[in-house]
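Rule-based calculations on the coordinates, nothing more; no lab input. Please read these numbers as outputs of a predicted model, since none were measured by experiment. All Cβ positions, glycine included, derive from the backbone under ideal geometry; neighbour counts span all protein chains shown.
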Amino acid sequence: MALLSKKDANLIKDPLADNNPITIQVLGICSALAITAELKASVVMAVSVMFVLGLGNVVISLMRNIIPSKIRIIVQLIVVATLVIIVDQVLKAFAYELSKTLAVFVGLIITNCIIMGRFEAFALGNGPWRSFLDGIGNSLGYGIILVIVGFFRELLGSGTLFGIPVLGDPIEKTGLYSTGYENNGFMIIPPAALIVVGIIIWVQRSGNPALVEEN
Amino acid sequence: MAINTDKNVYTVIFAGVMVIVVGSILAFLASGLSGRINENMRFEKQQNILYAMGVNENEDKGSVNFVPTDVVEDEFSQYITEQIVIKGDEIVENKEAYLIDMKKQLALAKKGETPELPLFIGEKDGKKFYVIPMYGKGLWDDIRGYIALDDKMIVQGVFFDHKGETPGLGANINQRYFMDDFSGESIMDGTRYAGINVAKGNNDPLNNDKEDNEVDALAGATITGNGVSAMIKETVNLYKDYLKTIRTN
């Protein structure tokens, strides 16, 4: 027997490609542009969002029948902020080094529109298990794009991956740099991420014309 | 559904209950963990001060490794021989000077009042270090750090940290390739206490020129870099009178 029913499996699969939060729904763009200059930051952000979205979706889903619709956005905001603060405080007490690394991401997580978007669009209308899967699926879809963008920006902008030089030493002119190759400083700044995301969207849509909206 | 969630009364009660529940959870957590958190922060300050004066566990040229937390208090009392607080012309010793909040002292200084300025005198391998705490503003939030000088006003080491600079860009001020550049730079420009500028396009990416009061900036992090320059300048300015008394060249 399959671990997940087909319907449930689609909750994970869909956001990876045909319903990707970044390239199709255009959510979470701000963090995708800001923090993808390095692969490491991309991965940390993706994992953090997965944690908060998975857990937050479950909490919202459990509360979905008692949340007054008039103040539901505020309730969602409080849930996500509380979760993030709890995690932050616990890490500060028991894993201080890790909390320092993650501190800069806290603000970006709370304001990530994917999180509020999934609360609003999915968790408010579905059960906890399916909401959890939806959260994991969407954060994976988000994470994949972040990692792809981070990969190209770090490789072309700094010649490194996860901080490890892969193209040689740009100052000593070894490896690829001996042929006259130079790092592209433009890739480090956020507009480069916009272009990389644009190229991903282009590639994705030309591979699957069903995604292209008719005018 | 049995409950009518659209009613105003329900909405108000829900909001009230939620505030109380969330508030108590957070308050309970904060008071329960504050002991450990404060201890961690205290250790961090000691680690940072020691790091700036070169007492750290750095192995290769990429990583930033502090003295481990279980020995940091011993090492701190071993290496830091004196902690002083400078208040105007008055200089007093204070064993807890490292806990003084620079943010508050700088605010006092800006208001024209006399701040209490902590300074740590350390000794390592027979050499004397003067470690000064720094505090400033980056792009998004506070940045801070420590700068270790010798009696010739040459930087022996720095440590920078930040609260919320952009990951991958401004956040890299706490990386080795940025911090290590400061070592060997003089904060003096002739007889002027000039500080050190984080400069774009100074044509010296390897930082061979240690006399120019400049280090190479981080690409894509202009405002954070300017914040670092301003922070160093402001600190040097505040401590100038004391530095004059220890300077030997």
Problem set entry | Fully extended contour minus Cα-Cα distance, from residue B:70 to residue B:30, at 0.36 nm per residue | 12.1 nm
For this session: Hey, could you get me the Stokes-Einstein D for the protein assembly as shown, Kirkwood radius over alpha-carbon pairs, 10 °C and 1.306 mPa s, rounded to whole µm² s⁻¹?
Result: 64 µm²/s
For this session: Apply the Karplus parameterisation 6.51 cos²θ - 1.76 cosθ + 1.60, with θ equal to phi minus 60°, to every residue of segment B:131-142 and state each ³J(HN,Hα) to the nearest whole Hz, in sequence, with x for glycine and proline.
Result: 9, 10, x, 10, 8, x, 10, x, 7, 9, 7, 5
Problem set entry | GNM result for chain A, Cα springs below 10 Å: residue of A:32, A:121, A:46 fluctuating most strongly | A:121
Problem set entry | Under the Karplus curve 6.51 cos²θ - 1.76 cosθ + 1.60, θ = phi - 60°, whole-Hz ³J(HN,Hα) for segment B:76-88, x wherever Gly or Pro sits | 4, 6, 6, 8, 8, 7, 8, 10, 10, 10, 9, 10, x
Problem set entry | Whole-Å distance, taken between Cα centres, linking segment B:1-32 and segment B:158-212 | 49 Å
Exercise. Can you flag which of A:92/B:244; A:100/B:128; A:13/B:61; B:7/B:163 are past 32 Å Cα-Cα?
Worked result: A:92/B:244; A:13/B:61; B:7/B:163
Seminar exercise, completed: When B:93, B:75 are ranked with the fewest other C-beta atoms within 10 Å first, the list becomes B:93, B:75
Exercise. Near residue B:69, within a Cβ-to-Cβ distance under 15 Å, what is the net charge of the other residues, with Lys and Arg +1 and Asp and Glu -1?
Worked result: -3
Exercise. In deg cm²/dmol and to the nearest 500, what is the mean residue ellipticity at 222 nm of chain B if only DSSP H runs of at least 4 residues count, each as -39500 (n - 2.57), divided by the residue total?
Worked result: -13000 deg cm²/dmol
Seminar exercise, completed: In nm², the average projected area of the convex hull spanned by the Cα atoms of chain A is 15.9 nm²
Exercise. Does chain B come out rounded, prolate or oblate by the C-alpha gyration tensor, with a ≥ b ≥ c the root eigenvalues, rounded set by a/c under 1.5 and, if not, prolate when a/b is larger than b/c and oblate if not?
Worked result: prolate
Problem set entry | Zone of residue B:237's modelled label, taken as backbone nitrogen in segment B:121-138 under 19 Å from a point 7 Å along Cα→Cβ | B:132-138
Seminar exercise, completed: So, for the Cα atoms of segment A:10-51, Rg and Dmax in Å stand at 11.0, 31
Problem set entry | Prolate/oblate/rounded label for segment B:43-172 (Cα gyration tensor, a/c 1.5) | oblate
Exercise. For residue B:208 and residue A:81, FRET efficiency with R0 = 45 Å and r from the beta-carbon atoms, rounded to 0.05?
Worked result: 0.40
For this session: Enumerate the calculated ³J(HN,Hα) couplings along segment A:59-68 in order (Karplus 6.51 cos²θ - 1.76 cosθ + 1.60, θ = phi - 60°), each rounded to whole Hz, writing x wherever the residue is Gly or Pro.
Result: 4, 4, 5, 5, 8, 4, 7, 10, 6, x
Problem set entry | Sites residue B:7 and residue A:88, calculated FRET efficiency, Cβ-Cβ separation with R0 41 Å, nearest 0.05 | 0.70
Problem set entry | Under 5 Å, built H, 5+ apart or other chain: amide partners of residue B:214 | B:197
Problem set entry | Net length gained if the chain between residue A:184 and residue A:206 were fully extended (0.36 nm per residue, minus Cα distance) | 5.2 nm
Problem set entry | Sites residue B:96 and residue B:245, calculated FRET efficiency, Cβ-Cβ separation with R0 25 Å, nearest 0.05 | 0.60
Seminar exercise, completed: Once Lys and Arg are counted +1 and Asp and Glu -1 for all other residues with Cβ under 9 Å from that of residue B:163, the total becomes -3
Problem set entry | Exposure proxy ranking, count of Cβ atoms within 10 Å, fewest first, for B:57, A:154 | B:57, A:154
